[in-house]
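Everything below concerns the one structure shown next.
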Amino acid sequence: MDYLEKKIKLGEIDPLLLLGTGDAHLQLLESKFSSSITYRNNTLTLKGEPKDIKDLENVLEEMLYVLKKKGVLSVADVQGIITVVQNTTGKTSNGFDTEPMNKSDNIILWGRKEPIKVRNAKQQEYFSKVKQNDVVFAIGPAGTGKTYLAVAMALAALRNNEVSRIVLSRPAVEAGESLGFLPGDLFEKIDPYLRPLLDAVSDMLAPDKLKSLNEKNIIEIIPLAYMRGRTLNNAFVILDEAQNTTETQMKMFLTRLGNGSRSIITGDVTQIDLPSKQQSGLMSVQKILKNIEGIGFVYFDKQDVVRHKLVADIISAYERTEQHNERVENNPPTNE
């Protein structure tokens, strides 16, 4: 995919007036466009896809014009300019076509290469429940799109100004390996646990854009343990691999949600890596939070797998083996 770099010199323009107090205008632009925007040495540097850069350049030129005419620039002015560009170009302010979005309710997000949309009835149910509830649990086997769609829905909410930040989290539970034996410092040790979340975001955002949003904590990817003691307001929070949370950790996570926040919790109860004596928080929460308004549950099964066609067959083979082992355990052979 082609990327373009464009530099805009501000000349005598005060960058504080253009970018806003506390970079408010800059943050609005970054939430609306997929390109990265950096300011250094009185110069704005734009990096992204050519069409997105062109739209962003048009917005910035209009912002400079308004600032020169009025002497001030408000967030409302910037939002109004973005809207004009949307209506003029037939694109959303982040470079995504508006017409297909209006024509098809199953498109969640226009990604870097193609639209991300629901692919079966269960994913449609998932999408609908996230729109209807503030907290949704997506439970089922690998390959059903639970995490990938959750990230897409979070990015869509960010771009639509429904939330101001995204927090992605996973429990760093050891599955056959010890963290102590892995090389590197703490963050290098936990990187493999967070990598699947980062990969999903990377599929949907340009590298420079992701780096910029991450540096500004607009997108934060952290281990579950780092959630303790925090209150997350106006955020879209995703907890992945939730089957590896304890009951205490699950309660801790759910009580982090603040005003204006939403959450998706994903997991596969057939792949619990907790010590045998610990109860999975994802198992118990299904009974504890059952029938609470504003909380939804979606259950996927092997028929909903959208990865390689062999994934569903692999899941079925393991299920048959587990069922056979249970029958043997419950009905041991007798020696006559």
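Quick rundown of the values:
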quantity	calculated
R0 of 30 Å, Cβ-Cβ distance Leu16-Glu162: FRET efficiency to nearest 0.05	0.60
Check: the range 211-320 dipole with +1 on Lys, Arg Cβ and -1 on Asp, Glu Cβ, in debye	260
Accessible carbon and sulfur surface of the range 182-276 relative to its total accessible area, %, 1.4 Å	50
Pairs beyond 28 Å (Cα-Cα), from Lys47/Lys122; Lys211/Lys290; Lys32/Lys129	Lys47/Lys122; Lys211/Lys290
Residue (of Ile221, Ala242, Gln279) at the positive-pole extreme of the range 208-283, dipole from beta-carbon charges	Ile221
Chain lengthening between Asn41 and Ile292 when straightened (0.36 nm per residue, less Cα-Cα)	85.0 nm
Around Gly258: net Lys/Arg minus Asp/Glu count, Cβ-Cβ under 13 Å	+3
Cβ-placed point charges (K, R +1; D, E -1), dipole of the range 28-77 about Cα centre in debye, nearest 20	180
Cβ charges +1 (Lys, Arg) and -1 (Asp, Glu), total dipole of the range 1-65, debye	160
FRET efficiency estimate (nearest 0.05) - Cβ-Cβ, Lys9 to Thr270, R0 56 angstrom	0.45
Potential extension, Gln132-Asp199 segment - 0.36 nm per residue separation minus Cα distance	21.4 nm
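The values are calculated or read from the model by the stated rules, or taken from the named source; none is laboratory data. Since we're looking at a predicted model, the values are computed, not measured. Methodologically, a virtual Cβ is constructed for each residue, glycine included, from the backbone with ideal geometry; neighbour enumeration extends over all protein chains shown. What goes into the accessible areas is simple: the full protein's heavy atoms, side chains included, and nothing from ligands, DNA or RNA. Shrake-Rupley method; radii C 1.70, N 1.55, O 1.52, S 1.80 Å.
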